[in-house]
Structure formats: C-alpha cells, structure tokens
Amino acid sequence: WTGKGAQGEWTIICETNHAPAGAVTNAVAVFFADYPRIGPLLGVPATSMPRRLELLFATNLPPNVPAHTAGTRMTVAAGHAERHPGDLRGLLIHEWTHTVQAYPRPDPGWLTEGLADAVRLLLSPADDPWRKRIEAAPRQQTDYTRGYGEAARLLLWIRDQGHPTLLADLNTAMRERTYRDDW
C-alpha cells in the first residue's frame, strides 16, 4: 500500500499469510494515520524517516515476544495480534518508533524502549488497555531502568516538568552516540 500525504509518500508492505482477520486492514490504517506523527515527536523530519516499511505476521515468535523490529522490517506474533486485537495499534506505534530511532547501537536498552513507549503513550487512544495499565501502575514501585512503560512515564514526567524537547534531545543523542548515563 502506498499513500501520499502532506509529508510525502509512504509505503507499507504486509505479508498476509498468517495475519488474523482484519489485522492487515487495521495495520495499514494505523500506518498512514500514526507513522508520520512519530518523527516530529522525536525531532526527526519526515524527510529523514524511512519511507518503505515491511510488516510480517509470524507464528514462530517466542511466547513472550509480541513483536520485534530489525531495520524497517517489523514482525508481529500472529497469535498475539489475534488474542489482543486492542493492543495492535499501540504495538505498531511502538515498533514503528524503532524504525525512526534507527540507533547505531540501542544501548542503553531501557532508554530505547522507554522512548518507544513514550511515543506510544502520546499517540495511543485513551481507551488503549495497555495505556490504561501503564498510567494506573503504582509510581513508587517502579524502576525506569526496566525500560518500556516505567521509563516512558519518567521521560514524559521530565518533559512535562520544563523540558519540552526531552524526547527529541535524547533521540538525537542516541542517534549520534553521544548519550551518557550522567547526561
């Protein structure tokens, strides 16, 4: 599928053999609605974002891996997509964020995943079950270095405390390999 918008032309290629009913249609809609919105949150101009992405639905991912991304190819566990259709949009946003991040080295992992989940929190609808769970988690019992939702909440809190460019600044530091833990 190829579409043109204000930011240019975008293409998504979907493997449909193992995709649950409706998942590809949903993924394509999410791609054109949300993917172009990721770059601006991370300070990446649309012209620097990958323009062609691949989406595969696989039956051979480990049970605890709902999806993973390598370069511009994302693989989603078909079983996860089938069992949790309400999670698909947020999962796609998170994984597509990794294609925009394009870090030469994704260390520290908590920051890579925390940034991706921060984007997911910002772009997911309010009724996303994952979002509700992350927002309701007890604040005093979390560890941001675990990555994902805990790190996302910390990053968005810092952003909201007077550092509105935090996500873009961290993304740039990760891309340029200048990030240090004492930063």
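The values are calculated or read from the model by the stated rules, or taken from the named source; none is laboratory data. Quick caveat: nothing in here was measured; it's all calculated off a predicted structure. Note that each Cβ is placed from the backbone with ideal geometry, even for glycine, and that neighbours are counted across all protein chains shown. Note: areas computed on protein heavy atoms with side chains; ligands, DNA, RNA excluded. Shrake-Rupley method; radii C 1.70, N 1.55, O 1.52, S 1.80 Å.
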Taking 25 Å as R0, compute the FRET efficiency from the Cβ-Cβ separation of residue 181 and residue 133 and round it to 0.05.
0.35
Over the stretch 102-183, with neighbouring protein chains present, the accessible area per residue in Å² at probe 1.4 Å is 58
Using 0.36 nm times the number of residues separating residue 32 and residue 4, minus their current alpha carbon distance, what extension gain do you get?
9.2 nm
What do you get for GluC sites (Glu not before Pro) in the stretch 1-77 restricted to DSSP loop and a cutoff of at most 16 other Cβ within 10 Å of the site's Cβ?
15
Restricting attention to the stretch 1-107, which chymotrypsin sites (Phe, Trp or Tyr not before Pro) occupy a DSSP loop and are surrounded by at most 16 other Cβ atoms within 10 Å?
1
DSSP-defined antiparallel bridges as percent of all bridges, the stretch 15-115, nearest 5:
45
Could you quote the convex hull projected area for the stretch 57-119, Cα atoms only and averaged over all directions, in nm²?
4.3
How large, in percent, is the carbon and sulfur part of the accessible surface of the stretch 1-147 at a probe radius of 1.4 Å?
52
Of the DSSP beta bridges with both residues in the chain, give the percent that are antiparallel, rounding to the nearest 5.
45
Note: residue 83 to residue 107 extended length (0.36 nm per residue) minus current alpha-carbon separation gives 5.5 nm
Return one whole number: the accessible area per residue of the stretch 23-76 in Å², for a 1.4 Å probe.
46
Nearest-0.05 FRET efficiency for residue 15 and residue 65, computed from C-beta distance (R0 30 Å):
0.95
Given the protein chains as shown and a 1.4 Å probe, how many square angstrom of residue 59 are accessible, to the nearest 10?
100
